[in-house]
Structures are given as structure tokens and as C-alpha cells.
Amino acid sequence: MNAVFCTMLLAGVAAAAAQGDLSAAQDALLSGGTEAVAFFMSMAGAYAFFGGLLGVLRESGVTQALAGAMRRPLLQLFRFAPGEEQALDDICVNLAADMLGMGGAATPAGLSAMRKMAAAGKMNGCASDAMLLFLTLNMCSVQLLPTTMIAIRAQAGAKNPADIVLPTLLATGVQTLTGIALCKIFAVRNKAHD
């Protein structure tokens, strides 16, 4: 990633030099850090609010209730190899936390689920179909409450920062269904080649 950022930086400086406006590039480089710190400080209050709200949801059992509601549908969706089903509870907690915008809380459960499936699968370094489907669901992540984007929009002065909830839900729902369909297609194709 450092190489990508360095390449972008050098390309920007080269473009400014080609246009004969190196002072604009210097001003942008120096002001960028200041703007980043100012943006971070303006977001601190919003993150504290949503972090507190999500902490209340987690402590009140909303996350666990959502995970419990997802258990049966996920059991139908995943075709676990023998032993992989022990990761289902971690998968449920991970996806429930992601849906509520708690990415930090979702990560430990996601890593635990992957470890359990990897230990059970003995796939010789290859991911199982269940592991690939879980990774896809984790990356698509239906967003019931896109807290980070709401906070960014609020700090940017949006009149209604939460008006992205429905479009975000629809977009992440479509991408999740597309991801599931592609995983199922590739799983069938891989079985046909075995």
C-alpha cells in the first residue's frame, strides 16, 4: 500500500511540475495533513456518540438477538464440511455486528470463525466453500445502520445525514445477494471439476 501512495504522490508532483505549478503541489501537501487532523477532530464527537449507541445495543443483547435470528437461515445457506458448523455462532455474531455498524466488534468473531473452519476443513491451504461464502458475506455486509457514513455526512454539513440508510440498505442487499449467487455458482462449478 505504501508503494501505491508513493506512486500517487510522485505522479501528482510530476503533473504539477509539468504544468509549472510546483507551489500548488507544495501547498496541497502541507495543508493535507492539517485538514486530515481537523477532520479527525470534528469526527471524534460523532464516533463517540455512535460508539456509545452501538455499545448500548451490544450490552442490551440486540446483537445477540440478531445473531440468534440469523442462525437458522445461515445454517441453510452454508453447506459446511464436517466439523465446520462449529463456526456458526461466530459467523452469526460477526455478521450481526457488521449489520449494526460495529466493524471493530465483528473482527474477533470473524477471525475465530475462519480459524475454526480452517482447522475442521483440512483443505491443504485452500479455502472451503463455506469459508469463501463467509468471506463474501463479511465483505458485502448488509448495512442496517451505516453509522460511519452518517457521521461523515453530519460533519460535512448534510441537511439529513441519515437519509442514506435506505439506499445503503438496498445497495448492500443487492451486493450481498449477488455475492451469494456467485459463490454458489463457483461452488457448483468447482464440484463439477473435482
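The values are calculated or read from the model by the stated rules, or taken from the named source; none is laboratory data. Predicted model, so just to flag it, every value in this text is computed and none were measured. So basically every Cβ, Gly included, is an ideal-geometry build from the backbone, and we count neighbours across all protein chains shown.
Considering only residues that are buried (at least 17 other Cβ atoms within 10 Å of the Cβ), of a type in the set (G, A, S) and within 19 Å of the chain's Cα centre (by Cα), which ones fall in the stretch 124-178?
Within the stretch 124-178, A130, S141, A151 qualify.
Working only within the stretch 129-163, note down all residues that are over 21 Å from L66 (Cβ atoms) and either among the aliphatic types (A, V, I, L, M) or part of a helix (DSSP H, G or I) (or both).
Result: D129, M131, L132, A151, I152, R153, A154, Q155, A156, A158, P161, D163.
Suppose the filter is at pLDDT below 80, in contact with a Ser or Thr (Cβ under 6 Å, 6 or more places away or on another chain) and in a helix (DSSP H, G or I); does F50 pass it?
Yes.
Working only within the stretch 144-186, note down all residues that are within 25 Å of M131 (Cα to Cα), at pLDDT 85 or above and in contact with a helix residue (DSSP H, G or I) (Cβ under 6 Å, 6 or more places away or on another chain).
Q175, T176, G179, C183
What do you reckon, is P82 loosely packed, with under 13 Cβ neighbours inside 10 Å, on the phi < 0 side of the Ramachandran plot and touching a residue at least 24 places away in the same chain (Cβ under 8 Å)?
It is true that P82 is loosely packed, with under 13 Cβ neighbours inside 10 Å, on the phi < 0 side of the Ramachandran plot and touching a residue at least 24 places away in the same chain (Cβ under 8 Å).
Take the conditions closer than 30 Å to R189 by Cβ and in a helix (DSSP H, G or I) and apply them to F80. Does it pass?
no
Any residue in the stretch 84-102 that is of a type in the set (V, I, T) and at pLDDT 85 or above?
yes
Pull out all pairs, ordered by first then second residue, where Cβ-Cβ is under 6 Å, the residues are six or more apart or on different chains, the first lies in the stretch 179-194 and is surrounded by 14 or more Cβ atoms within 10 Å (Cβ to Cβ), and the second is at pLDDT 85 or above.
G179/T136; G179/C140; C183/L132; C183/L133; C183/T136; A187/D129
Do the conditions hold for A181, that is, is it over 30 Å from E35 (Cα atoms) and not in a helix (DSSP H, G or I)?
no
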